[in-house]
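Below you'll find the structure, written out as structure tokens, and then a few comments.
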There are 2 protein chains.
Amino acid sequence: MNMPTNLEISRNTRLAPLTDIAAEMGIEEKFLEPYGRSAAKISLEAVKALGDRPRAKYVVVSAVTPTPLGTGKTTTAVGLAQAFSHIGKRGVLAVRQASMGPTFGIKGGAAGGGYSQVVPMEALNLHLTGDMHAVTEAHNMLSAMLDNHLHKGNALNIDPFAITWRRVLDVNDRDLRQIVTGLGGKANGIPRQTGFDITAASEVMAVLALSTSLQDLRARLGRIVVGYDRDKNPVTAEMLKAAGAMCVILREAIKPNLMQTVENTPVLVHCGPFGNIAHGNSSIVADLIGIHAGDYLVTEAGFGADMGAERFFNIKCRNSGLVPDAAVVVVTVRDLKSHSGKYKIVAGKPLPEEMLAEGPDDVFAGADNLRKQIANIRLHGVEPVVAVNAFPTDFPSEHDAIMKIAADESVRAAVCTHVVDGGKGAADLARAVAETCDEPSSYHTLYEDSMTLRQKIETIATKVYGANGIDVSPVAAKQLDDYERCGFGNLPVCIAKSHLSLSSDPTLKGAPTGWRLPVREVRASVGAGFVYPICGNMQTMPGLSSFPAAERIDIDADGEIVGLA
Amino acid sequence: MNMPTNLEISRNTRLAPLTDIAAEMGIEEKFLEPYGRSAAKISLEAVKALGDRPRAKYVVVSAVTPTPLGTGKTTTAVGLAQAFSHIGKRGVLAVRQASMGPTFGIKGGAAGGGYSQVVPMEALNLHLTGDMHAVTEAHNMLSAMLDNHLHKGNALNIDPFAITWRRVLDVNDRDLRQIVTGLGGKANGIPRQTGFDITAASEVMAVLALSTSLQDLRARLGRIVVGYDRDKNPVTAEMLKAAGAMCVILREAIKPNLMQTVENTPVLVHCGPFGNIAHGNSSIVADLIGIHAGDYLVTEAGFGADMGAERFFNIKCRNSGLVPDAAVVVVTVRDLKSHSGKYKIVAGKPLPEEMLAEGPDDVFAGADNLRKQIANIRLHGVEPVVAVNAFPTDFPSEHDAIMKIAADESVRAAVCTHVVDGGKGAADLARAVAETCDEPSSYHTLYEDSMTLRQKIETIATKVYGANGIDVSPVAAKQLDDYERCGFGNLPVCIAKSHLSLSSDPTLKGAPTGWRLPVREVRASVGAGFVYPICGNMQTMPGLSSFPAAERIDIDADGEIVGLA
């Protein structure tokens, strides 16, 4: 591809005034708070003000199980949102905010790519309007108040060995994963082992993303459990008198950010919770605005449909009350070839040579993963649409293979070239999505609140992941019992497992059967409102590589950014 | 005082549109980037664009040696800037940004007070435009790249025991002062002892405040010394290839923030470096804009004149090339009574009863401190003006006493009631300052670059602090030699000592004589461009109190902030 870089495309985009973008969405200027020249916050009063406008169709973009190189889910979501204007409709996009740690680590950016990106990409990838930093600040305020409570006499009788609350920073810094704090004598606090996670992994981020209003945010912050007292009762942020200050710190951050795509399509950028230990979806408040701001609200859910879409249906929509009308399953030729099990893809290394040769049979050999993810969407009463994210290196026979698999499953499908062609490259997809949305949605959650946590885990493992059952470790069993005792049993579950396989073993490709999900331990994000079983090694603080992206990022003689990919 | 709270006054202020404020300053709208509805960033292109406009008089607001309760320096600076409009002139104010740690710790806010405050105070005290967070992010990016360098083979041969670079967070968190990072095995980095400072204490903050342009910022970041290699050579951020990414992270933060006072006087809010281990002044770029944006540019320097003003003259003006025309020395009755040595003031406890009784003799008994701080201003060829910051509990005889002391020193003086009366309460002060500024300034730095570091410390200690000499510990002597060897000998010095005394002993009031300054150790902020000897116990990470302000801060049923003092 002899294409300009993402940064070049972003910089050459003619931005529409955000007031025009907002006007198109039916949002009055009085609800806009400009932040710099390329982003604006939208007051939450807009939620009510837009309430009488027609409801948009609600479309979630998910994917097959990705390779370590990703599937192009964000670019497809951007492309689809842009494509609606090419079929005479108005699309609105809602996506997560990029995390700065990975921006300077390995990725270099997370705003889509090519002619399907959110602009200006440097604003999205850097501080934007500071929401990520507000989460860092609110989280660490609670950490400081917790340790201060211990230091000042521990009136709540907190068990220092039962503290689960850590600290966060939006930096890839492996040395902060496990630390000892409070050294140097009594004046410096009480020594104990703890650590830092990346800000995207903060429960505060998940809380912000799942809140439906400022008052709901305040209540959820108060419910955050930081640990347990010596009688094994949960200790909350409310008990530490920290939730009010945290809410004040997040008072601006709860307002969604308005940006635009390279084709001036409206984009709501808001929140960025992790996709494994959290639900991996952008905010509910953004969707509450977007759902009345166009004909189609397109949003993206992290990782494959077994993870992001499952949480979208069972955690996000459960909280928001919004009903999805269609779900896109993005797939690439590379993905299905990888699911054939014949190739091993390692991030940062070139693809195996043979994988680049024409190979429709390899695509068919990996079809089971796509079939299973299609079924996973239908499990929730929602109709899938397959989006083939075309690469210039693909062969038509390979695209045909994917279209054939979709047809066999009676699923609408389209080949998309939005990265090089922008919205018009996804016009077929937009038409397929529109047709699907014209049919009534039978959306429902997969399980009832009233089921036990164990039953909920088992339901997802067997129905969504294709496991034979679950193996709960003694530690996890005790934790599940404790959580039920503490009254957290009615919460949905967010299973933290590898995103590189439908199973918990990242090396198993396709749609593995005959395996059981090992539940090693279970944690609870009570404020956010879910319990998360840990099934595998979850890294909540990335490290930098030998050659971090940060080494290449700089300003030039004119003060312009270089090296942001 | 039956006055509304700062938050109430702030909320009841009718804000002028920032475009109007900017227009008054001669700043075209194209240079403004709105951030929310109450603050805007000013593009650095404005520095050049304003260059042809007349130069304002440049006034620094300093003080006597404060008590732990402060002297009201910020309110006086705000009041003075406002007062110019009451004498037919245009004032512009340049102040530091508040640190969030103390806001939620003990102070509750740092935007001035009463009818002399910067509004909206909640914006100033919370994230404002995110500059503080950008400093946190840039600083910790360097920390992560440093530890990553050790982890990936340490090609620069850095001595892990000679690393001076720590991490920062804008939270009062004593437990982070001394920590061990890198625990949990090889994948988590290399264990070593380190810690966190509060963001205001970051060298990156000092770098940002002292930079004159984006390119100068880039160069200074590169010169930051993070530690030493095994051959005792300095290791810089440039060598770690981190300075470019840091500069990109700070690309928006280098733009000053425009706000206003309760009387709609323009305010440039920018940077907040510590006043002991750093120079404690707002940014140079803000002053480069403000100096062409009105008749008088008023700025504030941290702590007493021996500290903030000395650094303003010898570090900030040395870097900026701007020449100060006058220096205000703020003093309260309470301050001079305290300097009589008869009373002990403890933060958080009520004042001694007898101190509140009418006591002009006590004021005279504390006069030496005011006399010495007046002399300290004149040491730099600048003419002082005494501002008596009046409290409703003061007696006229006490104000007369201060006016008499000033008259004895042939210094212009005025009693100010700006907290209750706004700008008109400081009109007399404005007139006195204006008269002073009409005389030519003989400003000069106190010492030459070419002097040794030891000579520079001795000069400040004997001439400004009134010491008989300095006692350099063996450790400090070695460090001074090393810094001279490394080529840092030409830098100015920033002496970190108690701000509660002219001496290094916080219990010594008045103007102590017959003492020697003990130099315990010496550190270098090479990027910022100063060496800082440590003369006493310097706390660079505050802790929370037993009843932190955060416990009282919350949102009410309408979503409005309560408890921010």
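Every number in this text was worked out from the coordinates using simple rules, so none of it is lab data. Computed from a predicted structure; not experimentally measured. All Cβ positions, even for glycine, are placed from backbone atoms using ideal geometry, and neighbour counts span all protein chains on display.
Considering the range B:453-535, what Rg and Dmax in Å follow from its alpha-carbon atoms?
12.5, 39
When each copy gets a label point 7 Å from Cα toward the beta-carbon at B:Gly348, what are the spacings between them in nm, shortest first?
Here the equivalent label points are 4.8 nm apart from this one.
Order these peptides, A:250-256, A:340-346, A:232-238, by their mean beta-carbon neighbour count within 10 angstrom, highest first.
A:250-256, A:232-238, A:340-346
Would you work out which of A:Thr65, B:Pro120, A:Ser545 lies farthest towards the positive end of the dipole of the protein assembly as shown, given +1 charges on the beta-carbon of Lys and Arg and -1 on that of Asp and Glu, about the Cα centre?
A:Ser545
With n ≥ 4 as the cut-off for DSSP H runs, can you work out [θ] at 222 nm for the protein assembly as shown, using -39500 (n - 2.57) per run divided by the number of residues, rounded to the nearest 500?
Mean residue ellipticity, 222 nm, calculated: -8500 deg cm²/dmol.
Report, by chain and number, residues whose modeled amide H sits under 5 Å from the one on A:Ala293, excluding near sequence neighbours (fewer than 5 apart, same chain).
The list, which skips near neighbours in sequence, is A:Ala56.
Could you give the size of the charge dipole of the range B:43-182 about its Cα centre, using +1 on the Cβ of each K and R and -1 on the Cβ of each D and E, expressed in debye and rounded to the nearest 20?
Dipole about the Cα centre, nearest 20: 620 debye.
Sorted from fewest to most neighbouring beta carbons within 10 Å, what does the list B:Val171, B:Val386 look like?
Going from sparsest to densest Cβ surroundings: B:Val386, B:Val171.
Can you tally the net charge around B:Gly308? Count Lys and Arg as +1, Asp and Glu as -1, for every other residue whose Cβ sits under 13 Å from the Cβ of B:Gly308.
That works out to +2.
Per residue of the range B:481-489, what does 6.51 cos²θ - 1.76 cosθ + 1.60 with θ = phi - 60° give for ³J(HN,Hα)? Whole Hz please, x for Gly and Pro, Karplus curve as stated.
Result, ordered by residue: 4, 4, 5, 4, 4, 6, x, 8, x Hz.
Which percent, nearest 5, of DSSP beta bridges in the range A:453-535 are antiparallel?
40
Return the sequence-ordered ³J(HN,Hα) values of the range B:13-28 in whole Hz as given by the Karplus equation 6.51 cos²θ - 1.76 cosθ + 1.60 applied to θ = phi - 60°, using x for Gly and Pro.
Once rounded to whole Hz, the list reads 6, 8, 6, 7, x, 5, 5, 5, 4, 5, 4, 4, 8, x, 9, 5.
Cut-off under 20 Å on the C-alpha distance; same-chain residues fewer than 8 positions from B:Lys48 excluded. Which aspartates and glutamates are left, in chain and number order?
Leaving aside aspartates and glutamates fewer than 8 places away in the same chain, those within reach of B:Lys48 are A:Asp556, A:Asp558, A:Glu560, B:Glu24, B:Glu28, B:Glu29, B:Glu33, B:Asp216, B:Glu252, B:Asp287, B:Asp295.
Using alpha carbon centroids, what distance separates the range B:406-420 and the range A:122-147, in Å?
44
Normalised by the residues of chain A, what does the relative contact order come to in percent, with Cα pairs under 8 Å and at least six apart?
Over chain A, the number comes to 21 percent.
Report the net charge of residues surrounding A:Ala77, where surrounding means a beta-carbon distance below 11 angstrom and charges are Lys +1, Arg +1, Asp -1, Glu -1.
Around A:Ala77, the surrounding residues sum to +1.
Two decimals, Cα atoms only, Kirkwood Rh: what is Rg/Rh over the range B:117-263?
1.03
At A:Arg90, label 7 Å along Cα→Cβ: distances to the other copies, nm, ascending?
Label-point separations across copies, in nm and ascending: 4.2.
In peptide B:122-131, what is the residue-averaged number of other protein chain Cβ atoms found within 10 Å of each Cβ?
Rounded to a whole number, the mean comes out at 4.
For B:Asp471, enumerate residues with amide H under 5 Å from its amide H, sequence gap 5+ or separate chain, H modeled in the peptide plane.
B:Leu517, B:Val519
Between their Cα atoms, which of A:Lys41/B:Lys316; A:Lys57/A:Lys337; B:Lys30/B:Lys424; A:Lys342/B:Lys186; B:Lys73/B:Lys404 are more than 25 Å away from each other?
A:Lys41/B:Lys316; A:Lys57/A:Lys337; B:Lys30/B:Lys424; A:Lys342/B:Lys186
Relative to 2.2 N^0.38 Å, what does the C-alpha radius of gyration of the protein assembly as shown come to as a ratio? Two decimals please.
Computed over Cα atoms of the protein assembly as shown, the ratio equals 0.96.
With θ taken as phi - 60° and the coefficients 6.51, -1.76 and 1.60, list the Karplus ³J(HN,Hα) couplings across the range B:372-389 in order, rounded to whole Hz; mark glycine and proline as x.
Going residue by residue, I get 5, 5, 4, 4, 4, 5, 5, 3, 9, x, 10, 8, x, 9, 8, 10, 7, 7 Hz, with x marking Gly and Pro.
How large are Rg and Dmax for the range A:499-565 when calculated on the C-alpha trace, in angstrom?
19.7, 60
Specify the inter-centroid distance of the range B:291-308 and the range A:488-565, based on alpha-carbon positions, in whole Å.
Rounded to whole Å, the Cα centres lie 49 Å apart.
Using modelled backbone amide H atoms (1.01 Å from N, in-plane), which distant-in-sequence or interchain residues come within less than 5 Å of A:Tyr532's amide H?
A:Cys494, A:Arg523, A:Ala524, A:Ser525
With charges set only on the Cβ (+1 for Lys and Arg, -1 for Asp and Glu), what does the dipole of chain B come to about its Cα centre, in debye to the nearest 20?
1380
For chain B, report the translational diffusion coefficient in µm²/s to the nearest whole number, using Stokes-Einstein at 10 °C, 1.306 mPa s, and a Kirkwood Rh over Cα pairs.
66
Which value, in debye to the nearest 20, gives the size of the charge dipole of the protein assembly as shown about its Cα centre, when Lys and Arg are +1 and Asp and Glu are -1 at the Cβ?
1780
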